[in-house]
Amino acid sequence: MSRGKLITFEGIDQTGKSTQIELVSAWLKRRQLPVLITREPGGTYYGRVMRDILLSGKTSLDPKAELCLMMADRAQHIWEVIAPALQEGTIVLCDRFTDSSLAYQGYGLGEDLHLIEQLNKWTTGGLTADLTLLFDREVGSSFGDRRDAADRIEQRDLGYKNRVRQGYLNIHAQHPKRVMRIDVTGKSKEQILDEIKPMIEKLLKTSCSRLRKNGDALA
């Protein structure tokens, strides 16, 4: 693979996306493919500092300040982690990326969507995900909603969470070739993994000769 691939994992909280990142990483590594797991916010040293500010339940932030911190985290993350890994041919699995800013700060908090899109392009240098896996469920379904969580964003009300979810669905509708929606309702982690494997294989098989090493598929 001359250039790595960026696969992003998106969705409202408690959809199992972080579990799927670990499962996908293990699946790819068994095929001797180079993999890096990272996240936003918090994929760098400075990002972890910003993550503490952004998610602390004791912190009160203006929505514009929240957006700016997210963008600062992303700029450092691209420069320090994601871009170098892609240049080395690594498959980068990122827990949240540009779509989160649109969903959470845009649709959720009502910040200008066009401005967020421009800031995303600026902070990433135009880099976009090769594939986005959107893990979806209704707000308030069996995964639970952690109103008592320490996470400042998770503590927001159901109206906010529904706006975020609808934002994700709008993004999926606008970018159906990049954003793949996975309904996680009532499914085990193994069932979800089996559903997304073909999506990832389709992305990789055109650029990674090792996908079919010794005649074996990614199974």
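Does Gln155 meet the test of being at pLDDT 95 or above and on the phi < 0 side of the Ramachandran plot?
Values: at pLDDT 95 or above: no; on the phi < 0 side of the Ramachandran plot: yes.
No, not satisfied.
Condition (residue is at pLDDT below 95 and surrounded by 18 or more Cβ atoms within 10 Å (Cβ to Cβ)) applied to the range 73-84: is it met by at least one residue? So far as the range 73-84 goes, no, none of its residues is at pLDDT below 95 and surrounded by 18 or more Cβ atoms within 10 Å (Cβ to Cβ). Of all residues in the range 48-89, those satisfying the criterion of being touching a Ser or Thr at 6+ places or on another chain (Cβ under 9 Å) and in contact (Cβ under 8 Å) with a residue 60 or more places away in the chain are Ile82, Ala85, Gly89.
The set of residues in the range 55-68 that are more than 17 Å from the chain's Cα centre (by Cα) and either at pLDDT 90 or above or of a type outside the set (Lys, Arg) (or both) comprises Ser56, Gly57, Thr59, Ser60, Leu61, Asp62, Pro63, Lys64, Ala65, Glu66, Cys68. Considering only the range 124-145, I want to know if a residue exists there that is assigned to a helix (DSSP H, G or I), small (Gly, Ala, Ser) and either within 16 Å of the chain's Cα centre (by Cα) or at pLDDT 95 or above (or both). There is no residue in the range 124-145 that is assigned to a helix (DSSP H, G or I), small (Gly, Ala, Ser) and either within 16 Å of the chain's Cα centre (by Cα) or at pLDDT 95 or above (or both). Looking only at the range 20-31, decide whether some residue is within 22 Å of Pro84 (Cα to Cα), at pLDDT 95 or above, in contact with a Cys (Cβ under 9 Å, 6 or more places away or on another chain) and of a type in the set (Ser, Thr, Tyr). No, the range 20-31 contains no residue that is within 22 Å of Pro84 (Cα to Cα), at pLDDT 95 or above, in contact with a Cys (Cβ under 9 Å, 6 or more places away or on another chain) and of a type in the set (Ser, Thr, Tyr). Scanning the range 5-14 for residues that are more than 12 Å from the chain's Cα centre (by Cα) and at pLDDT below 95 returns a single hit, Gln14. Here the helices (runs of 4 or more DSSP H) wholly within the range 9-109 that include at least 2 residues being among the aromatic types (Phe, Trp, Tyr) are 45-55. In the range 169-198, the residues that are in contact (Cβ under 8 Å) with a residue 12 or more places away in the chain reach residues that are in a loop (DSSP other than H, G, I, E, B) and not polar (S, T, N, Q) with C-beta atoms within less than 6 angstrom, at least six apart or across chains, in these pairs: Val184/Gly16; Val184/Arg137; Thr185/Arg137; Ile192/Val184. With respect to the conditions (1) crowded, with 17+ Cβ neighbours inside 10 Å; (2) out of contact with any helix residue (DSSP H, G or I) (no Cβ under 7 Å at 6 or more places or on another chain); (3) under 22 Å from Met180 (Cα atoms), Gly126 falls short on a single one, namely (1).
Taking the range 162-204 as the search range and keeping residues that are of a type in the set (D, E, K, R) and outside any helix (DSSP H, G or I), which one is nearest to Asp130 (Cα to Cα)? Let's see the steps before the verdict.
First, the residues of the range 162-204 that are of a type in the set (D, E, K, R): 163, 165, 177-178, 181, 183, 187, 189-190, 194-195, 197, 201-202.
Right, trim to outside any helix (DSSP H, G or I) and you get 177-178, 181, 183, 187.
Details: Lys177: 10, Arg178: 7, Arg181: 15, Asp183: 20, Lys187: 25 Å.
In this case the residue turns out to be Arg178.
Only one entry of Thr19, Thr15 meets the criterion of being in contact (Cβ under 8 Å) with a residue 40 or more places away in the chain and in contact with a strand residue (DSSP E or B) (Cβ under 9 Å, 6 or more places away or on another chain), and that entry is Thr15.
The values are calculated or read from the model by the stated rules, or taken from the named source; none is laboratory data. Quantities reported herein were computed from a predicted structural model and do not represent experimental measurements. Note that we place each Cβ from the backbone using ideal geometry, even for glycine, and neighbour counts take in every protein chain shown.
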